[in-house]
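K.L.:
Mind having a look at this structure? Questions to follow.
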């Protein structure tokens, strides 16, 4: 027989069946399905929308009560009638109310002429019930506040696909029921980061990677030392150390905030999971260096230079100049389309390819010969094109690498 023990106290865990509070869900689920079908709320990617419908169309009643020390206390009161030995398992001896006074009024109507005392249920509501009220309760609901008028409903909710039902669906259901409005117009489900072995990052496993350690870099021994700061189970400590040795044999090299940011956006395909690999982020660190060196080269070639007031052509551009301006135009159009379609991973690929392949490897290399051997007119034209091309490239990369591009 396997006896379950509490992770922290080592007490034996003994399950006990207790009465619980439930909420009927079918009447709440149907309007929540309808607003997505009618397009009032869009859910992307498409796989997340299918999951949403599958859950709500096969919904069970919701067990609302939790036997915890924290949370919103269940607004239910047991009516203890004088001279009677009522049992708390008797549903007829319970009343609910927003306040104790309201509950007392219900009890008076239910048990006329009887003396009683009310005992509030110590159970609290499920966390997801409380957080399901978030879109409007934070703005002053049920009062018609200025915040409620101007900020509700919100526009985009971005969240992990794993809480689509626990949180997103409940926000939609409760908002529709209590305010008559959808809580937001769009839901975008991002991917979940897992470690390089495919396990979900968890404090209890010791495989969480601190973003600051990626930005600033950290030695392997310092990573091991961090494991001992928390209350990690001794068995998990050895496993976590072994994982760190495998994943980061040389520690984590300094990557910077921009490289981390672009790598994570590049990973974001919508839904699904990300197998985290620090070498990918360090690759973007090298890309940061490429951007810096390319910009430095361009500035050295431009010298005393005044760009045109607007992006325009003289009509005398060489074939390479026409080519890079065409690539800039098509890449800018493509990146806007992909951002609007929430194809974030693809959008980073467009920016990366334009800057690395088209601008650095091809056009900048081509321009070197013009600056060395071209006429004054050719050099001036090449300068204008080079300025336009690199400014466009930095602008495209700016959403992913704001610090470097601003610098």
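We did not get these values from a lab; they are worked out from the coordinates using the rules stated. Predicted, not measured: the structure shown is a model, and the values here were computed from it. As a convention, Cβ positions derive from the backbone with ideal geometry for all residues, glycine included, and neighbour counts pool all protein chains shown.
K.L.:
From the Cα gyration tensor of the range 76-120, with a ≥ b ≥ c the square roots of its eigenvalues, which class applies: rounded if a/c is under 1.5, or else prolate if a/b is larger than b/c, or else oblate? Could you put the intermediate results ahead of the total?
P.N.:
On the way: a/c = 1.83, a/b = 1.24, b/c = 1.47.
Judged from the Cα gyration tensor, the range 76-120 comes out oblate (a/c at least 1.5, b/c at or above a/b).
K.L.:
Which of 375, 310, 348 ends up with the largest GNM mean-square fluctuation for the chain, with Cα atoms connected below 10 Å?
P.N.:
Comparing 375, 310, 348 in a Gaussian network model of the chain, the most mobile one is 310.
K.L.:
Considering Cα pairs under 8 angstrom that are at least six residues apart, work out the relative contact order of the chain and quote it in whole percent. Walk me through the intermediate numbers first.
P.N.:
Details: 516 pairs, mean separation 50.4, N = 407.
The normalised contact order for the chain reaches 12 percent.
K.L.:
Sticking with this structure for a sec: Is the C-alpha gyration tensor of the range 294-406 telling us rounded, prolate or oblate? Criteria: a/c under 1.5 is rounded; beyond that, a/b larger than b/c is prolate, otherwise oblate.
P.N.:
Values: a/c = 2.04, a/b = 1.81, b/c = 1.13.
Cα axes put the range 294-406 in the prolate bin.
K.L.:
Could you state the angle between the C-alpha long axis of helix 319-340 and the longest principal axis of the C-alpha atoms of the chain, as a value from 0 to 90 degrees rounded to the nearest 10?
P.N.:
Between the helix axis and the principal axis of the chain, the angle is about 0 degrees.
K.L.:
Here's another thing I want to ask about it. Kindly provide the Kirkwood hydrodynamic radius of the chain in Å, to one decimal, from all pairs of distinct alpha carbon atoms. All intermediate terms of the calculation are to be shown ahead of the outcome.
P.N.:
Values: mean 1/r = 0.0373 Å⁻¹.
For the chain, the Kirkwood estimate is 26.8 Å.
K.L.:
By counting other Cβ atoms within 10 Å of each Cβ, how are 204, 300 ranked from fewest to most? It would help to have the intermediate numbers written out before the result.
P.N.:
Details: 204 13, 300 9.
Fewest-to-most ranking of 204, 300: 300, 204.
K.L.:
Something else about it: Averaging sequence separations of C-alpha pairs under 8 Å and six or more residues apart, then dividing by the length of the range 194-254, give the relative contact order as a whole percent.
P.N.:
RCO, the range 194-254: 45 percent.
K.L.:
If I fit a long axis through the Cα atoms of helix 46-57 and take the longest principal axis of the Cα atoms of the chain, what angle between them do I get, 0 to 90°, rounded to 10?
P.N.:
Roughly 10 degrees, rounded to the nearest 10.
K.L.:
Using a Gaussian network model of the chain whose springs link C-alpha atoms within less than 10 Å, name the residue from 108, 280, 74 with the highest mean-square fluctuation.
P.N.:
Of the options given, 108 has the highest mean-square fluctuation.
K.L.:
PRE reach from residue 323 (point 7 Å along Cα→Cβ): which of the range 357-397 fall under 15 Å by backbone N?
P.N.:
357-370, 386
K.L.:
Calculate how steeply helix 234-247 sits against the longest principal axis of the alpha-carbon atoms of the chain, using the helix alpha-carbon long axis, and give the answer as 0 to 90 degrees to the nearest 10.
P.N.:
20 degrees
K.L.:
Would you please give the FRET efficiency between residue 120 and residue 406, computed as 1/(1 + (r/R0)^6) with r the Cβ-Cβ distance and R0 = 56 Å, to the nearest 0.05? If you can, show how the numbers build up before the last one.
P.N.:
On the way: r = 56 Å, r/R0 = 0.99.
Efficiency computed from Cβ-Cβ geometry: 0.50.
K.L.:
Further question on the same structure: Peptides 147-154, 254-261, 301-308: what's the order by average Cβ count within 10 Å, highest mean first?
P.N.:
Working: 147-154: 14.0, 254-261: 19.9, 301-308: 11.1.
Order by mean packing, descending: 254-261, 147-154, 301-308.
K.L.:
In the Gaussian network model of the chain, springs joining C-alpha atoms below 10 Å, which of 16, 324, 252 carries the largest mean-square fluctuation?
P.N.:
16
K.L.:
Cα gyration tensor of the range 241-311, axes a ≥ b ≥ c as square roots of the eigenvalues: rounded (a/c below 1.5), prolate (a/b > b/c) or oblate? Provide the component values of the computation, followed by the final result.
P.N.:
Numbers: a/c = 5.63, a/b = 2.09, b/c = 2.70.
It is oblate, given that a/c is not under 1.5 and a/b is not larger than b/c.
K.L.:
Report, in whole Å, the centroid distance computed from the Cα atoms of the range 73-132 and the range 185-248.
P.N.:
Here the two parts' Cα centres lie 46 Å apart.
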